[in-house]
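A.B. asks: Input: one structure, supplied below.
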Amino acid sequence: MSTIGVPFALPWLAFVVCWLVFGWGATALHALAGRALARLAPDQRGAVLLALALAPLACGVAVAVLGFVPLAGGHFVDAHCHAEIGCRPHVPILEAEMTLAVLLVFGIAAWSVIAWRSVATGVREGRGLALALERLARPAAGADAGRAIASSISDKGGFSRTVPAVAVIESDAAFAYCTGVLRPRVVVSRALVDRLTPRQLEIVLAHEHAHAARYDNLRRVVAGIGLRLAPARPRRALLKDLALAAELTCDAEAAHRAGSADAVVETLRALHALPRAVSGDGPVPSGPEAIAVRVAALSGGPFRRLPSWWLAVIAAAAFTAVTLPAVRFAHHAVEALLGWTG
């Protein structure tokens, strides 16, 4: 029988299938547990949602490694019998007929190209706004613009003596963004600087710098990559929930720096009153319902903070409970496939 070793095709197949299946599972779990997650403190809620978004990739990698690496297979695959090796845990013997091997290699290559093109699209979407704003900001960015804003706030009674660096765009539209994925920075428009009071402006800057300090743009990109193979609508729902948790967390940070949640509420209402106002990850939510969500969060909201170690233990237990059965299932599925084709 003509055979060929396929050491990469089958592990990649297991990885992609697990990425796909666990992506569907993660979005389904989010849909079922959304109300319970909404009761968590915003920062903890964001951490749980990020972990949920990255779980498909992490589980896929774990299945591919634990199910196909000889040093790991003996520990995580249950003992079972084959005539040539007896009854013991083992990893698959990755050999198949030439035709099957060629089909697997081409199939995995095609699937990988499609998946990674989707990943690249997500990264480009995450960087597109940052690059556009960076180009616009160059003429007005730099130390002079940042010092001008700091001086303006200081002269007119801002609540902080220093303002971190910020790039200013000469624009009639009122907006503030945290741009960049690996090197985040804050960009604001001249219209926003002119239309807000110094106290309101510094609250906006505190909010945006909280996004930068938390690397929220990077979180959004990696979460999108983790859920790339999940269904579109539930994927968008989970990512939207993650973005909302980030907004609420940064609102809380701005309130802490301002020493007053009421000042942040006042600033939010002032921003909503501005034409074409945008902030954070995109357009500021409009309407009384959106304001009510953020105001309720700033007033304490119906949130519950759990011990961090408790959340870590639950996450580790859930990962183990899902991954180990998947490793065993993938092992037996691969052997059944090879036996059926051999």
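The values are calculated or read from the model by the stated rules, or taken from the named source; none is laboratory data. Everything numeric here is computed off the predicted structure, so don't read it as measured data. Neighbour counts are summed over all protein chains in view; Cβ atoms, including those assigned to glycine, are modelled from backbone coordinates with ideal geometry.
A.B. asks: Is there a residue in the stretch 212-219 that is crowded, with 22+ Cβ neighbours inside 10 Å, modelled with pLDDT under 90 and assigned by TED's automatic domain parsing to the domain that holds L268?
C.D. replies: Yes, because at least one residue in the stretch 212-219 is crowded, with 22+ Cβ neighbours inside 10 Å, modelled with pLDDT under 90 and assigned by TED's automatic domain parsing to the domain that holds L268.
A.B. asks: Looking at (1) touching a residue at least 40 places away in the same chain (Cβ under 8 Å); (2) in contact with a Phe, Trp or Tyr (Cβ under 8 Å, 6 or more places away or on another chain), find the lone condition where R195 falls short.
C.D. replies: All conditions are met except number (2).
A.B. asks: Same structure again: Could you go through the stretch 81-88 and let me know if any residue there is in the same structural domain as L324 (by TED's automatic domain parsing), of a type in the set (A, V, I, L, M, F, W, C), modelled with pLDDT of 70 or more and in contact with a helix residue (DSSP H, G or I) (Cβ under 7 Å, 6 or more places away or on another chain). Steps first, answer last, please.
C.D. replies: Our first condition is that a residue be in the same structural domain as L324 (by TED's automatic domain parsing); within the stretch 81-88, this holds for 81-88.
Next, from what is left, pick out any that are of a type in the set (A, V, I, L, M, F, W, C): 81, 83, 85, 87.
If we keep only those that are modelled with pLDDT of 70 or more too, we end up with 81, 87.
If we keep only those that are in contact with a helix residue (DSSP H, G or I) (Cβ under 7 Å, 6 or more places away or on another chain) too, we end up with none.
No: zero hits.
A.B. asks: Tally up the residues in the stretch 208-230 that are touching a helix residue (DSSP H, G or I) at 6+ places or on another chain (Cβ under 9 Å) and either touching a residue at least 60 places away in the same chain (Cβ under 8 Å) or not in a helix (DSSP H, G or I) (or both), please.
C.D. replies: If we filter the stretch 208-230 for residues that are touching a helix residue (DSSP H, G or I) at 6+ places or on another chain (Cβ under 9 Å), which is where we start, we get 208-211, 213-214, 216-230.
Checking the rest, the ones that are also either touching a residue at least 60 places away in the same chain (Cβ under 8 Å) or not in a helix (DSSP H, G or I) (or both) come to 208, 211, 216-217, 219-230.
Going through the stretch 208-230 one residue at a time, the tally reaches 16.
A.B. asks: State yes or no: is V188 touching an Asp or Glu at 6+ places or on another chain (Cβ under 9 Å), modelled with pLDDT of 85 or more and not in a loop (DSSP other than H, G, I, E, B)? Please lay out each step first, then the result.
C.D. replies: Numbers: touching an Asp or Glu at 6+ places or on another chain (Cβ under 9 Å): yes; modelled with pLDDT of 85 or more: yes; not in a loop (DSSP other than H, G, I, E, B): yes.
Yes: the conditions hold for V188.
A.B. asks: Something else now. When only residues in the stretch 152-185 that are touching a strand residue (DSSP E or B) at 6+ places or on another chain (Cβ under 7 Å) and of a type in the set (S, T, N, Q) count, which is modelled with the highest pLDDT?
C.D. replies: Filtering the stretch 152-185 for residues that are touching a strand residue (DSSP E or B) at 6+ places or on another chain (Cβ under 7 Å) and of a type in the set (S, T, N, Q), the one modelled with the highest pLDDT comes out as T179.
A.B. asks: Let me ask something additional. Against the condition modelled with pLDDT of 90 or more and surrounded by fewer than 23 Cβ atoms within 10 Å (Cβ to Cβ), how does A237 come out, does it pass? Step through it out loud before you land on a result.
C.D. replies: Working: modelled with pLDDT of 90 or more: yes; surrounded by fewer than 23 Cβ atoms within 10 Å (Cβ to Cβ): yes.
Taking the combined requirement at face value, the residue satisfies it.
A.B. asks: From the list P11, P92, pick out the single residue that is modelled with pLDDT under 80, buried (at least 19 other Cβ atoms within 10 Å of the Cβ) and not in a helix (DSSP H, G or I).
C.D. replies: Numbers: P11 fails: not in a helix (DSSP H, G or I).
Only one candidate passes the filter, namely P92.
A.B. asks: If only one of A110, A62, A58, A38 is surrounded by fewer than 17 Cβ atoms within 10 Å (Cβ to Cβ) and modelled with pLDDT of 85 or more, which one is it?
C.D. replies: Working: A110 fails: modelled with pLDDT of 85 or more; A62 fails: surrounded by fewer than 17 Cβ atoms within 10 Å (Cβ to Cβ); A58 fails: surrounded by fewer than 17 Cβ atoms within 10 Å (Cβ to Cβ).
It is A38.
A.B. asks: Looking at A232, is it surrounded by fewer than 15 Cβ atoms within 10 Å (Cβ to Cβ), at pLDDT 85 or above and small (G, A, S)? Lay out the reasoning, then the answer.
C.D. replies: Working: surrounded by fewer than 15 Cβ atoms within 10 Å (Cβ to Cβ): yes; at pLDDT 85 or above: yes; small (G, A, S): yes.
So A232 fits the description; yes.
A.B. asks: Somewhere in the stretch 231-250, is a residue free of Cβ contacts under 8 Å to residues at least 24 places away in the same chain, more than 21 Å from R185 (Cβ to Cβ) and in contact with a helix residue (DSSP H, G or I) (Cβ under 9 Å, 6 or more places away or on another chain)?
C.D. replies: To start, the set of residues in the stretch 231-250 that are free of Cβ contacts under 8 Å to residues at least 24 places away in the same chain comprises 232-233, 236, 240.
Those still in the list that are more than 21 Å from R185 (Cβ to Cβ) too: 232-233, 236, 240.
Narrowing further to those that are in contact with a helix residue (DSSP H, G or I) (Cβ under 9 Å, 6 or more places away or on another chain): 233.
Yes, there is a match, as at least one residue in the stretch 231-250 is free of Cβ contacts under 8 Å to residues at least 24 places away in the same chain, more than 21 Å from R185 (Cβ to Cβ) and in contact with a helix residue (DSSP H, G or I) (Cβ under 9 Å, 6 or more places away or on another chain).
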